[in-house]
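Below is one structure, written out as structure tokens; comments come after it.
The values are calculated or read from the model by the stated rules, or taken from the named source; none is laboratory data. Since we're looking at a predicted model, the values are computed, not measured. So basically every Cβ, Gly included, is an ideal-geometry build from the backbone, and we count neighbours across all protein chains shown. SASA here: full protein model, heavy atoms, side chains in, ligands and nucleic acids out. Shrake-Rupley method; radii C 1.70, N 1.55, O 1.52, S 1.80 Å.
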Amino acid sequence: MANEIEKGALYVVATPIGNLSDITERAKKVLAEVDFIAAEDTRVSGLLLSRFDIKKSIVNYFEHNKKAAGERIISDLLSGKSCALVTDAGTPAISDPGTELCESARQSGIKVIPVPGACAAICALCATGFDSRRFVFEGFLPQDSEKEEVLTSLVNERRTVIFYEAPHRLKKTLADLFSALGDRKLCLCRELTKINEEFVITTLSEAIKTYEEKDPRGEYVLVLGGKAETEEVFWQKLSVKEHVDFYIDKGLSKMDAIKACAKDRGVAKNSIYKEML
Ligand code: SAM
């Protein structure tokens, strides 16, 4: 692929997650040559650009102005201008703004071009030594009623699961994961690509103990081992009714609890209904 900037194209540009040397040659070229940059935080991206001596007009594009700002950006792209989308760190649209802009651009016939680079999830996973053939990216665990649903969906997950978490919510998230999934192998991946980078291979229960004595500091990716093949499934000793009640106690409606129970047991919903009668 030629490296010339295309008119009217939206570039999705990954930026470093700590170590500024992780910016790619191509990212620098795109940032220097597009007509304008759309940034999650103009101040943060302004600092990055000045580090590379790039002077460019920057517009804001973030979670709470994405509709209006998105429409303006699309209109500029349609008029033939090229734009680079960046976020504060890492890859746009990965637990960051960008998805809706890419979707609108594609719907408007605008070319969307990724410029790959750092992404905390992949940076963490690749160095944990955990099974990376198949994995699930959950991003931030929801804080609302959806949380229970997500946790329940992970109870029998055999693939490695990756979460993002802010330090002030880490303790709560570890406790929620432990109470929903039981003990699991865990890698706490902290301050990736920075001076205090740290990988701690532990378990959920040990990590909970560790943070009883100290407060989490810095940015974290949690890489959780999937459920072991030989692990006894939690519902093995439960009757069908107890199994359905388990999900109801977790906040699911009776219908959803029956569905979840049927899924665990690999049987049709109807057979669970019949047993419940
Ligand atoms: N789009 C970004 C990416 O590609 O990784 C993620 C942005 S998300 C808003 C921020 C979260 O990513 C942080 O709360 C943390 O969980 C994770 N993260 C970002 N940089 C990190 C780093 N240097 N070390 C560990 N985790 C990091």
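Here are the numbers:
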{"read-out": "Near pairs, Cβ below 8 angstrom, 6+ apart or cross-chain, from the stretch 163-178 (of a type in the set (K, R)) to any residue that is in a helix (DSSP H, G or I)", "value": "K171/I208; K171/Y211"}
{"read-out": "From G46, G80, residue being surrounded by fewer than 17 Cβ atoms within 10 Å (Cβ to Cβ), closer than 28 Å to R190 by Cα and more than 16 Å from the ligand (Cβ to nearest atom)", "value": "G46"}
{"read-out": "Qualifying positions in the stretch 226-267 - closer than 30 Å to E197 by Cβ and surrounded by 14 or more Cβ atoms within 10 Å (Cβ to Cβ)", "value": "G226, K227"}
{"read-out": "Number of the condition not met by T193 [criteria: (1) within 11 Å of the ligand (Cβ to nearest atom); (2) under 17 Å from the mean Cα position of the chain (by Cα); (3) polar (S, T, N, Q)]", "value": "(2)"}
{"read-out": "Filter result for C126 (open to solvent by 60 Å² or more (accessible area, probe 1.4 Å), among the hydrophobic types (A, V, I, L, M, F, W, C) and over 27 Å from K254 (Cβ atoms))", "value": "yes"}
{"read-out": "Residues (in contact with a helix residue (DSSP H, G or I) (Cβ under 8 Å, 6 or more places away or on another chain), within 16 Å of the ligand (Cβ to nearest atom) and more than 18 Å from G46 (Cβ to Cβ)) located in the stretch 96-117", "value": "E100, L101, V115, G117"}
{"read-out": "Selection within the stretch 133-149 - open to solvent by less than 90 Å² (accessible area, probe 1.4 Å) and within 16 Å of the ligand (Cβ to nearest atom)", "value": "F135, V136, F137, E138, G139, L141, P142"}
{"read-out": "Residue match in the stretch 100-120 (condition: of a type outside the set (A, V, I, L, M, F, W, C), closer than 27 Å to A166 by Cβ and open to solvent by less than 20 Å² (accessible area, probe 1.4 Å))", "value": "no"}
{"read-out": "Residues that are in a loop (DSSP other than H, G, I, E, B) and either farther than 20 Å from L47 by Cβ or in contact with a helix residue (DSSP H, G or I) (Cβ under 6 Å, 6 or more places away or on another chain) (or both), drawn from the stretch 1-31", "value": "M1, A2, N3, E4, I5, E6, K7, G8, A9, P16, I17"}
{"read-out": "E63 free of Cβ contacts under 8 Å to residues at least 24 places away in the same chain, loosely packed, with under 14 Cβ neighbours inside 10 Å and within 26 Å of F163 (Cβ to Cβ)", "value": "no"}
{"read-out": "Tabulated pairs, the stretch 76-95, first more than 18 Å from S108 (Cα to Cα) and in a strand (DSSP E or B), second within 7 Å of the ligand (Cβ to nearest atom) and open to solvent by 30 Å² or more (accessible area, probe 1.4 Å), C-beta under 7 angstrom, 6+ apart or interchain", "value": "G90/D96"}
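Residues checked against (1) among the charged types (D, E, K, R); (2) away from the ligand (no atom under 16 Å from the Cβ); (3) surrounded by 14 or more Cβ atoms within 10 Å (Cβ to Cβ):
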| residue | (1), (2), (3) |
| --- | --- |
| V161 | no, no, yes |
| H168 | no, no, no |
| L177 | no, no, yes |
| C189 | no, no, yes |
| K209 | yes, yes, no |
| K214 | yes, yes, no |
| R217 | yes, no, no |
| Y220 | no, no, yes |
| L224 | no, no, yes |
